[in-house]
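Right, one structure below, let's go through it.
Bear in mind that the values in this text are calculations on the coordinates, not laboratory data. Just so it is clear, the structure is predicted and the values come from calculations on it, not from any experiment. Cβ coordinates were reconstructed from backbone atoms using ideal geometry, including for glycine residues, and neighbour counts include every protein chain displayed.
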Amino acid sequence: MNKKARTLVLVSVLLLAAILLSGCSIPQGEIDLNNPQGMWQAVIVFPLTKILMAIDSVISRVPFLDAWSWGWTIILFTLAIKVVTIPLTQKQLQSTKATQALQPKMRELQQKYGKDRQKLAEEQQKLYKEAGINPLGGCLPMLIQLPILWGLTKPFMCWPT
């Protein structure tokens with residue numbers, strides 16, 4: 001199989017997996033925003049839903065925006081989330097740049113201790129500690145933003161309209 005065909009198969013499989021994994025349970029009737037069922041809804045989904053509904057109620061009062069109020073609501077909410085997460089994004093970028101700066105030294109360590117995995121891991125940890133870098137610093141900000149994304153997909157994909 002050539003590279004183009006493999007890529008097409010991989011994209012198809014990933015798309016199918018995303019569709020299957022994003023499926024939700026069958027809607028169970030009306031949604032009561034004052035009665036969350038479970039911790040996830042109480043802490044993430046319902047507060048985000050209420051914020052979106054509040055923004056929409058303000059935007060729908062503007063005469064020339066009322067026809068597209070949900071579109072504007074989503075745009076404004078997205079911008080607000082980006083503004084709030086700017087410090088996390090900056091920290092992630094700084095960590096990524098610092099890690100990239102250490103790549104030549106990391107390659108040297110890999111060549112020097114290539115066969116001894118234990119010693120290589122110890123030396124890498126020393127290098128990170130000396131440089132003041134957390135190797136997971138680029139991932140943690142994304143993990144903090146992930147519940148927001150999950151919380152937003154739940155109301156729009158699973159709830160009855």
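Tabulated results
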{"item": "Mean separation of Cα contacts under 8 Å (6+ apart) over length of the chain, as relative contact order %", "result": "34"}
{"item": "Partners for K115 among aspartates and glutamates (Cα-Cα distance below 17 Å; same-chain residues under 8 apart left out)", "result": "E123"}
{"item": "Table column - 3J(HN,Hα) (Hz), region 70-86, Karplus curve with 6.51, -1.76, 1.60, x for Gly and Pro", "result": "5, x, 5, 4, 5, 5, 5, 5, 4, 4, 5, 4, 4, 5, 5, 8, 4"}
{"item": "Stokes-Einstein D for the chain, Kirkwood Rh over Cα pairs, 4 °C, 1.567 mPa s (µm²/s)", "result": "64"}
{"item": "Farthest toward positive dipole pole in the chain [+1 Lys/Arg, -1 Asp/Glu at C-beta], among M106, M53, L15", "result": "M106"}
{"item": "Alpha-carbon spread of region 97-140, three principal axes, descending order, Å", "result": "29, 18, 18"}
{"item": "Cβ-based net charge around A131, under 13 Å, with every Lys or Arg adding one and every Asp or Glu removing one", "result": "+2"}
{"item": "Sites excluded, chymotrypsin sites (Phe, Trp or Tyr not before Pro) in DSSP loops with at most 16 other C-beta within 10 Å, longest stretch of the chain", "result": "1-63"}
{"item": "Sum of -39500 (n - 2.57) over DSSP H runs of 4+, divided by residues of the chain (222 nm, nearest 500)", "result": "-22500 deg cm²/dmol"}
{"item": "Assigned charges on the beta-carbon of Lys, Arg, Asp, Glu; region 66-119 dipole about Cα centre (debye)", "result": "600"}
